[in-house]
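One structure is given below, encoded as structure tokens.
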Amino acid sequence: MTNNPPAFSNTKKLVLSAFFLALGLVLPFLTGQIPEIGNMISPMHFPVMLCGFICGGPYGALVGLISPLRFLLFQMPPLFPTGIAMAFEMGTYGLVCGLLYGRLQQNLKGIYLSLIAAMIAGRIVWGIAQVILMGLSGGTFTFQIFITQALLNAIPAIILQLIIVPAIVAALRRARLIR
């Protein structure tokens with residue numbers, strides 16, 4: 001007999017996903033009081049990534065796709081092109097975190113490999129979405145803009161995600177609350 005925690009039922013995954021979606025809707029209010037900080041730490045990304053790790057890729061993808069569409073409730077982020085591009089980016093984060101983590105050794109190394117791969121894939125998808133959406137609206141999205149927005153401006157968020165997300169996932173594993 002193993003001491004592993006039981007797998008979550010689909011109902012529990014759905015409830016947890018709703019919780020992560022709610023966090024994704026609320027966290028920007030907490031950090032948005034100081035826009036420079038809110039934009040730098042990307043608060044909506046954390047619940048999406050955690051959902052992918054805890055509930056699996058499909059649930060993480062769905063939470064990621066829906067979270068930026070908070071525009072429909074709160075008028076932020078702007079829907080076009082920002083919210084739509086973010087929906088694809090964050091859906092990728094949730095999907096990749098969950099799918100890779102489910103296939104890799106579920107230890108700290110697996111957490112980091114999954115997270116870093118998700119962060120790279122999500123930013124690439126965001127860049128592609130921006131190119132397409134800006135092209136549709138007659139705007140331009142250059143490689144320099146991509147590097148600035150996806151990497152340079154995102155350094156604080158990247159650092160926090162690399163610290164906080166693995167710490168939470170590892171703590172939940174140690175507590176035997178997740179696999």
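Quick one: would you say G110 is in contact with a helix residue (DSSP H, G or I) (Cβ under 9 Å, 6 or more places away or on another chain), without any contact (Cβ under 8 Å) to a residue 40 or more places away in the chain, open to solvent by less than 60 Å² (accessible area, probe 1.4 Å) and within 24 Å of F8 (Cβ to Cβ)? Yes: the conditions hold for G110. Counting the residues of the range 168-179 that are among the small types (G, A, S) and either open to solvent by less than 50 Å² (accessible area, probe 1.4 Å) or in a helix (DSSP H, G or I) (or both) gives 2.
For the range 94-101, indicate whether the set of residues that are closer than 28 Å to G32 by Cβ, open to solvent by less than 60 Å² (accessible area, probe 1.4 Å), part of a helix (DSSP H, G or I) and among the β-branched types (V, I, T) is non-empty. So that I can check it myself, show each step before the final result.
First pass over the range 94-101, keeping only residues closer than 28 Å to G32 by Cβ: 94-98.
If we keep only those that are open to solvent by less than 60 Å² (accessible area, probe 1.4 Å) too, we end up with 94, 96-98.
Within this subset, residues satisfying the condition of being part of a helix (DSSP H, G or I) are 94, 96-98.
Right, trim to among the β-branched types (V, I, T) and you get 96.
Scanning the range 94-101, I find at least one residue that is closer than 28 Å to G32 by Cβ, open to solvent by less than 60 Å² (accessible area, probe 1.4 Å), part of a helix (DSSP H, G or I) and among the β-branched types (V, I, T), so the answer is yes.
For beta carbons closer than 7 Å, sequence separation of 6+ or different chains, a first residue in the range 50-63 that is within 18 Å of A167 (Cα to Cα) and a second that is among the hydroxyl-bearing types (S, T, Y) and open to solvent by 30 Å² or more (accessible area, probe 1.4 Å), the qualifying pairs are C51/Y59.
Within the range 124-167, the residues that satisfy the criterion of being in a helix (DSSP H, G or I), among the small types (G, A, S) and either under 26 Å from P47 (Cβ atoms) or open to solvent by less than 40 Å² (accessible area, probe 1.4 Å) (or both) are G127, A129, A150, A157, A167. The single condition from (1) under 16 Å from M40 (Cα atoms); (2) modelled with pLDDT under 95; (3) part of a helix (DSSP H, G or I) that M76 fails is (3).
Identify, please: which residue in the range 1-41 is among the aliphatic types (A, V, I, L, M) and either open to solvent by less than 30 Å² (accessible area, probe 1.4 Å) or not in a helix (DSSP H, G or I) (or both) and is, among those, modelled with the highest pLDDT? Before the answer, list the steps.
Initially, the range 1-41 is screened for residues among the aliphatic types (A, V, I, L, M), giving 1, 7, 14-16, 18, 21-23, 25-27, 30, 34, 37, 40-41.
Next, from what is left, pick out any that are either open to solvent by less than 30 Å² (accessible area, probe 1.4 Å) or not in a helix (DSSP H, G or I) (or both): 1, 7, 34.
Details: M1: 40, A7: 74, I34: 77.
By that ranking, first place goes to I34.
The residue that is most open to solvent (accessible area, probe 1.4 Å), counting only those in the range 42-68 that are of a type in the set (V, I, T) and under 12 Å from the mean Cα position of the chain (by Cα), is I66.
The values are calculated or read from the model by the stated rules, or taken from the named source; none is laboratory data. These numbers were taken from a predicted model, which means no experiment stands behind them. Here the Cβ is made from the backbone with ideal geometry for all residues, glycine too, and neighbour counts use every protein chain on show. Just the protein is used for accessible areas: all its heavy atoms, side chains included, with ligands, DNA and RNA removed. Shrake-Rupley method; radii C 1.70, N 1.55, O 1.52, S 1.80 Å.
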